[in-house]
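Engineer: First the structure, which I've put down as structure tokens, then a few questions once you've had a look.
The values are calculated or read from the model by the stated rules, or taken from the named source; none is laboratory data. Small disclaimer: the values here were computed from a predicted structure and weren't measured. A quick note on method: Cβ atoms are made from the backbone with ideal geometry, for glycine too, and the neighbour counts reach across all protein chains shown. Heads up: the accessible areas ignore ligands, DNA and RNA and are worked out on the full protein's heavy atoms, side chains in. Shrake-Rupley method; radii C 1.70, N 1.55, O 1.52, S 1.80 Å.
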Amino acid sequence: MNVKNKNYINNKWVDAIDGGTFDIENPFTEQIIATAPYSKEKDVDHAVNAAMSAWGNWKTLGSLDMRDLLREVAVKSRKNDREIAEIIVAESGKPLIECLDEIEWIASIFEYYSEIGRDQKGRVVAPVVSRSMSMVVKEPYGVVGCIVPWNYPLLLMAWEVAPALAAGNTLVIKPSEYTPLSIMRWLEIACDHLPNGVVNMITGDGITGSYIVEHPLTRVIAFTGSVDTGKKIAMMAAKQLKKTSLELGGNDPIIICDDVDIEIAARGTTWGGLLNAGQVCTSLERVFVMETVADNFIEAVVEEAKKVRLGDPMNGKTDMGPMSSFEALKKVDDKVNRAKAEGARLLTGGSKPENFDKGYFYRPTVFDKIESHMEMMNIETFGPVIPIQKVKNLSEAINLANDSEYGLGCNIYTNDMEKALTAAEDIKAGSFWINDPLTDNEAAPFGGMKMSGGGRELGIEGLDEFREPKHILIDYKIRDKDYWFPYDLDEGRKT
Ligand code: NAD
């Protein structure tokens, strides 16, 4: 594998200062495929200072130059899509086709922000007095720390890096300890033309990440990951009143109404629950089906789940690869066992498949006889598990969908627009998908309500996460003001 296995600071590839490393495992072969630097406080300081030094020139770059540089990232990413995608496969176990999609999506993100980054940068508001002007200018914060997870290593990084750069910030990226290799190669191939120090990357675990959060020169922490880590980061950042943009976990519902083609709804639900082995923040994790069609729907989901082809993620006909790590597999298996103990009925799956000697595979799993108090309906599973609960009507489904600490996404299948839009209005979720589970649009915002986070990615909202407004007032007629000294209430105000 053609990867540097080093930190990227000031456009140079460097080892951790004390030479420490950690191993990266391929979850399909269970082999160690590479090492990466284990970065500590001094490495973080080196990277943050490089980003700080680069900021002065980057924030004042002309908008056309900025556009050209960001566009080139998109061009180079697409040109090398296969090579980078294969590295994601090796470190994450995701099927190649999904990794190729990921590269196309990041190219598209860089194109999008290369353009809207040079559009409006603020507004002019009506002045309070004549012959004056009030401008609102949105300016970059400075150095952004970008801490990302392993399930879409490049995509979730690009959702933060592209707008942060377009807004005029510089960055220090920390990939997940499970998937740093694709980001290393992407930086080498697609970002080598960016000025020194504009994008830096250091590898390590949560301790490395915490140094980025605590560094006095990082002004924004853009974090994507679990709710537990998000809470820790928010508390650390609060000590310096640092801005955070938090994209956290979910336990997303889908509501299946009785007026739709049940086969299609079952296929959509199966895909949305099992895509990337269920390791998607917006995976379908709570399925609410109207009881009039529930039996047919459940049968169809079980059939679909049984058809899913597990195998080598490099094979173009593999639907689902292994889970990303032994830890991820163990967590899901434990949750499945607890669901059985709680009384949920296992209809298919629920264990490791027997036909693989190696690889962290888990069988697509479907449960029914699910009740709201069960763990799965309250805590994110993050695995290939579809729990199905019967409901009497839409209002029960809406109440159950809202009965959650999370509020990332929500889905519905119905042909009845009254039902669809009532649910969209009444359910607290950052995204609401009607008849098209999990589809994002980079021009529209993505993010969570409630415990699923704070802040938004994508769209103009995603750009605004990385710039802060400044009011500039200009009085272009210099004159005396009637509210200055000396005060005299008896005489009233001067005119
Ligand atoms: P995680 O929270 O364990 O780790 C995410 C990143 O944070 C990693 O880079 C990790 O090294 C770092 N980290 C861990 N502890 C830290 C600390 N104390 N300080 C600073 N950094 C720290 O999450 P994960 O297991 O990598 O990813 C899975 C989670 O991410 C799921 O909960 C999933 O729903 C969520 N996720 C959310 C979105 C979204 O957009 N809302 C997208 C993808 C994944």
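Engineer: Where the second residue is assigned to a helix (DSSP H, G or I) and of a type in the set (A, V, I, L, M) and the first is within 14 Å of GLY454 (Cα to Cα) and within 7 Å of the ligand (Cβ to nearest atom) and lies in segment 227-239, which pairs have Cβ atoms under 7 Å and are six or more apart or on separate chains?
Structural biologist: ILE233/VAL213
Engineer: Inspect segment 255-263 for any residue being surrounded by fewer than 24 Cβ atoms within 10 Å (Cβ to Cβ), within 16 Å of the ligand (Cβ to nearest atom) and in a helix (DSSP H, G or I) and give the result as yes or no.
Structural biologist: Scanning segment 255-263 turns up no residue that is surrounded by fewer than 24 Cβ atoms within 10 Å (Cβ to Cβ), within 16 Å of the ligand (Cβ to nearest atom) and in a helix (DSSP H, G or I).
Engineer: If only one of ALA443, ALA429 is part of a loop (DSSP other than H, G, I, E, B), in contact (Cβ under 8 Å) with a residue 24 or more places away in the chain and open to solvent by 40 Å² or more (accessible area, probe 1.4 Å), which one is it?
Structural biologist: Details: ALA429 fails: open to solvent by 40 Å² or more (accessible area, probe 1.4 Å).
Every option except ALA443 fails the conditions.
Engineer: Shifting gears a bit: Would you mind telling me which numbered condition in (1) open to solvent by less than 60 Å² (accessible area, probe 1.4 Å); (2) touching a residue at least 12 places away in the same chain (Cβ under 8 Å) GLU83 fails?
Structural biologist: So GLU83 meets the others, but not (1).
Engineer: For residues that are near the ligand (Cβ under 7 Å from one of its atoms) and among the charged types (D, E, K, R), scanning just segment 176-226, find the one that is least open to solvent (accessible area, probe 1.4 Å).
Structural biologist: ASP205
Engineer: Looking for something crowded, with 24+ Cβ neighbours inside 10 Å, in contact (Cβ under 8 Å) with a residue 60 or more places away in the chain and under 16 Å from MET377 (Cα atoms) - is there at least one such residue anywhere in segment 294-305?
Structural biologist: no
Engineer: Those residues that are over 13 Å from GLY225 (Cα atoms), in contact with a Lys or Arg (Cβ under 7 Å, 6 or more places away or on another chain) and crowded, with 24+ Cβ neighbours inside 10 Å, I need them from segment 146-175; list them, please.
Structural biologist: Within segment 146-175, ALA167 is the sole residue that qualifies.
Engineer: Moving on to the next point. Going by what's in this entry, would MET323 be described as surrounded by fewer than 23 Cβ atoms within 10 Å (Cβ to Cβ), within 26 Å of the chain's Cα centre (by Cα) and not acidic (Asp, Glu)?
Structural biologist: Working: surrounded by fewer than 23 Cβ atoms within 10 Å (Cβ to Cβ): no; within 26 Å of the chain's Cα centre (by Cα): yes; not acidic (Asp, Glu): yes.
Here the answer is no, as MET323 does not meet what is asked.
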